[in-house]
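Nothing in this text is a laboratory measurement; each read-out follows from the coordinates by a stated rule. Since we're looking at a predicted model, the values are computed, not measured. With ideal geometry, Cβ positions are generated from the backbone for all residues, glycine too; neighbour counts draw on all protein chains shown.
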Amino acid sequence: MGKPDRGAEGPDRPRAEAEPHPAGSGGQAARLQDTIQRHPVVLEEQAKRASDLQLQIADWITGFAGSMNFVYLHIAIFTIWMLFIESKPWPTLTLIVSLEAIFLSTFVMIGQNRQADFQQAKADHDFTEQELELKTNTQLTREIDRLTIELHDRLLGKPAR
């Protein structure tokens, strides 16, 4: 079990800036948000999404489709449609809802694929960082052992081994 990820901090890496919270939001959660460092893969993914219009549109659609406003809008539209636009059994409404379900399920799959890609990139980054840390710790342990033996030899005037 490794230690928690330090994010972008390190002696040879710049420190990631914390995102400011909106004025007036206050509270412990906002202060905590100010102290959280972003993982380099998270920063890269945010930059990628911000630079691609298709990803921004997909994010907006999936964000809206996963909200209660989406539910309320559909309740209102379906009620109006069933009461005033089409008589029973609502064949056009059924067709529209089926097409909407097809597109929304596609957006869900797109989101899942993007999340899987993100998780894989983060796992790859973390693995690389942990391997580097293990190598550094191994080198430090060997150097401490060498220095301990050298100190022992100097103090006792004879080889330790």
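Summed over region 58-85, residues that are assigned to a helix (DSSP H, G or I) and surrounded by 11 or more Cβ atoms within 10 Å (Cβ to Cβ) total 16. Does GLU143 fit the bill of being under 30 Å from LYS48 (Cα atoms) and assigned to a helix (DSSP H, G or I)? It is false that GLU143 is under 30 Å from LYS48 (Cα atoms) and assigned to a helix (DSSP H, G or I). The condition (being closer than 30 Å to THR79 by Cα and loosely packed, with under 11 Cβ neighbours inside 10 Å) is satisfied by just one residue among ILE96, ILE144, ILE102: ILE102. Exactly one of these conditions fails for LYS88: (1) basic (Lys, Arg); (2) free of Cβ contacts under 8 Å to residues at least 40 places away in the same chain; (3) assigned to a helix (DSSP H, G or I). Give me its number. Every listed condition holds for LYS88 apart from (3).
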